[in-house]
1. Does Ala98 count as within 21 Å of the chain's Cα centre (by Cα), part of a strand (DSSP E or B), of a type outside the set (Phe, Trp, Tyr) and under 30 Å from Val132 (Cα atoms)?
2. Give Asn284, Asn335, Asn323 a once-over and let me know the one that is within 22 Å of Leu238 (Cα to Cα) and polar (S, T, N, Q).
3. Exactly one of (1) more than 24 Å from Ala140 (Cα to Cα); (2) outside any strand (DSSP E or B); (3) out of contact with any Lys or Arg (no Cβ under 9 Å at 6 or more places or on another chain) is unmet by Trp78. Its number?
4. For Gly295, state whether it is within 25 Å of the chain's Cα centre (by Cα) and without any contact (Cβ under 8 Å) to a residue 24 or more places away in the chain.
5. Being within 28 Å of Leu174 (Cα to Cα), modelled with pLDDT of 95 or more and not β-branched (Val, Ile, Thr): is that true of Phe130 here?
6. Which residue out of Asp155, Asp139 is at positive phi and not β-branched (Val, Ile, Thr)?
7. I'm told Asp86 meets every condition in (1) part of a loop (DSSP other than H, G, I, E, B); (2) of a type in the set (Asp, Glu); (3) out of contact with any Asp or Glu (no Cβ under 8 Å at 6 or more places or on another chain) except one. Can you identify the failing condition by its number?
8. If I ask for residues that are in a strand (DSSP E or B), free of Cβ contacts under 8 Å to residues at least 60 places away in the same chain and either over 26 Å from Phe232 (Cα atoms) or among the acidic types (Asp, Glu) (or both), which ones from region 125-157 would you list?
Amino acid sequence: MRLYGNWRINDSLRIYSEGIFADVTDDDQTYLPRPIDRNFGDFLNLFVDVGLNDSLTARVGRQELQYGAERLISPLDWANTRRTFDGARLLYREDGWASDVFYTYFVPVIPNRLDEPDYKQTFYGWYNTFTVNENLAVDAYYIGYDDRRDQSGSDFSIHTCGLRLNGALTDDWLFEMEGGPQFGRQSGLGLNQEAAFGTIGVGRKLGDVLPWTPTLWCYYDYASGNAGGGDFNRFNDLFPLGHKYFGFIDAAKRQNVEAPNLLLTIKPHQKIDLLFWYWHIMANQAGDIIPSIGGTPPQSTTSKDFGDELDLTAKYSIGPRSNVLLGYSHFWRGNKILAPADADFTYAQWELNFKPWVAISDAR
């Protein structure tokens, strides 16, 4: 459950707070809660906005970050808790331009007490979006991430540059492209970081030839893997909405992966949305693993065939603020996965957005 308060004191000063309570129940004790499943009362957002002029705002405090298609930066809306940061941000908005400069520290979830920023994990960058017209938006960004924790695989300083184009070629043909290099130093491994990622997609609205306003997308996703030979090449996907991509079972992250995929969305009724998403997942480098979000299974170092996944969801909108989502996913393991069984994922979700009436005024 999340509750928020928004106090706009005047045109130049605003205070925003948002709290969360998250828990899981397991009557038969067969499920071991993950660290991100529970947070028994905390702040997701607690910041002050100061308007420096009509176009520029300074934001200081705890805040969520969300940019682009959330392939690299996301508040992780799917999880039971959410991802947040402590720090400062400058936000510029004018005439189709949106430009943010931020310097923050990651805030890990601590279920039984108030969360604290991890000053060994610094996250910073410059993210720009320019809306050229109604058919084209361009994102250009630089993102830095320093992790100085004394853990295996940590102690690195990496830098990611990226470009994203998103829009429509005609009324029916759509496109999206995103990608860029990643470089820096893996001090814990004693190696330089040399990696890259990319996504290209073409979509077609089929409502002119088929009922139920279907839209079909064909995508190809790529993220480099470690080839060995002197540099570390496995791409680091930073703080993404990982659940959205590479299958809802979360078997693969955007690391050492190549994945052609087909996405079909259908709207048979104004209150019903259907989704069909098929993924064929391969390793970019057979000798490297494809990490998973919830725990990486044993993998072959001679095969690239990771597996295939089909995701199905049906969403029914009860009203403007409430909906029900049903989902089913199946993962067919490939030769790279040494586990003995495929995977199934079935779930149901009810969402309610409520807005309590609270009046706060600056009485003088």
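1. The answer is yes for Ala98.
2. None of the other options fit; the residue is Asn284.
3. (3)
4. yes
5. For Phe130, the condition - within 28 Å of Leu174 (Cα to Cα), modelled with pLDDT of 95 or more and not β-branched (Val, Ile, Thr) - is met.
6. Asp155
7. (1) is the only condition that Asp86 fails.
8. Those that are in a strand (DSSP E or B), free of Cβ contacts under 8 Å to residues at least 60 places away in the same chain and either over 26 Å from Phe232 (Cα atoms) or among the acidic types (Asp, Glu) (or both): Asn128, Phe130, Thr131, Val132, Asn133, Leu136, Ala137, Val138, Asp146, Asp147.
The values are calculated or read from the model by the stated rules, or taken from the named source; none is laboratory data. On a predicted model such as this, the values are computed, not experimentally measured, just so you know. Please note: Cβ atoms are built from the backbone with ideal geometry, for glycine as well, and neighbour counts cover all protein chains shown.
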